[in-house]
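Chemist: Here it is: the structure, laid out below.
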Amino acid sequence: MLHILYPIYKDRADAGRKLADKIPPSLYFGGNNIILAIPRGGVIVGYEISRILKIPLDIIISRKIGAPHNPELAIGAVTEDGSFVKNIFLIKTLNVSEQHINNKIEEEKEEIKRRMEQYRGNKLLPDLKDKKVFIVDDGLATGFSMYACVIYVQKFLPKSINIVVPVASLCSTRLFKNQVDNLICPIITNQFGSVGQFYEDFNQVTDEEVQEIMGKI
């Protein structure tokens, strides 16, 4: 059994620097790469990887749909184009109503629109065709926000899709079997309460911090 001493990372920037060392050069050799970071926390992680490895950085937005009475439990996620990726097992098990799902989808679509305008302005998502895409977040708990991003990116026919995260629950990684080319994660464990337990500083990232980073690229 893997015994983990907490915390693993000082903060998200520290996690990004450590992750940059874990990405094999063979994966990004030759260029035509892009990092897509999931706001908000993933942007700080992604920025450090981008800065160290000289890979262009952009953002990709998905929003988790939480279960009734337990918003942290993902029953699905919504992507930038409004598509909804379902956690069919949980929806059936919890008997989640169609009304709840539809209401939450509309709420999260509005939040995605707000974030896209605030973080990206009038810029569109870059062309991903034939690119080596690295999707970055600060950790995977249920993994559904990341899963929705992967399904969305697949539509653009990239050369490869690579997930890069500092920590993941063991169950979340099972979502990505046969879905991505590589999953780079130093800590994959079933001793998982929350992403924050692996960080000394896991304060909420603000819109202003994301905007500041996006203004640097």
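The values are calculated or read from the model by the stated rules, or taken from the named source; none is laboratory data. Here the structure is a predicted model, which is why all the values come from computation and not from measurement. Here the Cβ positions follow ideal geometry from the backbone for every residue, glycine too, while neighbour counts run over all protein chains shown.
Chemist: Need a quick list: helices (runs of 4 or more DSSP H) entirely within the stretch 136-214 having at least 1 residues that are in contact with a Gly (Cβ under 8 Å, 6 or more places away or on another chain) and assigned by TED's automatic domain parsing to the domain that holds P56.
Modeler: Fully inside the stretch 136-214 and qualifying: 144-154, 170-173.
Chemist: Taking the options I105, I34, I38, name whichever one is more than 18 Å from S172 (Cβ to Cβ) and at pLDDT 95 or above.
Modeler: Matching residue, one of I105, I34, I38: I34.
Chemist: Just checking, which of G41, G46, G76 is touching a Phe, Trp or Tyr at 6+ places or on another chain (Cβ under 6 Å), closer than 18 Å to D137 by Cβ and touching a residue at least 40 places away in the same chain (Cβ under 8 Å)?
Modeler: After applying the criteria, what remains is G76.
Chemist: Which condition number does S160 fail, the rest of (1) of a type in the set (G, A, S); (2) closer than 18 Å to N87 by Cβ; (3) surrounded by fewer than 18 Cβ atoms within 10 Å (Cβ to Cβ) being met?
Modeler: Result: S160 passes all but (2).
Chemist: Answer with yes or no whether Q197 is over 18 Å from G46 (Cβ atoms), at pLDDT 95 or above and either among the polar types (S, T, N, Q) or surrounded by 15 or more Cβ atoms within 10 Å (Cβ to Cβ) (or both).
Modeler: No; evaluated as a whole, the condition is false for this residue.
Chemist: Within the stretch 172-192, can one find any residue that is surrounded by fewer than 20 Cβ atoms within 10 Å (Cβ to Cβ), of a type in the set (V, I, T), touching a Lys or Arg at 6+ places or on another chain (Cβ under 8 Å) and in contact (Cβ under 8 Å) with a residue 40 or more places away in the chain?
Modeler: yes
Chemist: Still on this model: Could you list all residues from the stretch 4-33 that are of a type outside the set (D, E, K, R), over 14 Å from I55 (Cα atoms) and exposed (fewer than 15 other Cβ atoms within 10 Å of the Cβ)?
Modeler: Those that are of a type outside the set (D, E, K, R), over 14 Å from I55 (Cα atoms) and exposed (fewer than 15 other Cβ atoms within 10 Å of the Cβ): I4, L5, Y6.
Chemist: Now, a different point. Can you tell me which residue among F156, F144, F134 is more than 25 Å from H69 (Cβ to Cβ) and touching a strand residue (DSSP E or B) at 6+ places or on another chain (Cβ under 7 Å)?
Modeler: F134
Chemist: Is it true that some residue in the stretch 103-119 is assigned to a strand (DSSP E or B) and either within 16 Å of A74 (Cβ to Cβ) or assigned by TED's automatic domain parsing to the domain that holds A20 (or both)?
Modeler: Looking for residues that are assigned to a strand (DSSP E or B) and either within 16 Å of A74 (Cβ to Cβ) or assigned by TED's automatic domain parsing to the domain that holds A20 (or both), one finds none in the stretch 103-119, hence no.
Chemist: Spot the failing condition for I61; the list is (1) modelled with pLDDT of 95 or more; (2) β-branched (V, I, T); (3) under 29 Å from F84 (Cβ atoms), and only one is missed.
Modeler: Every condition holds for I61 apart from (1).
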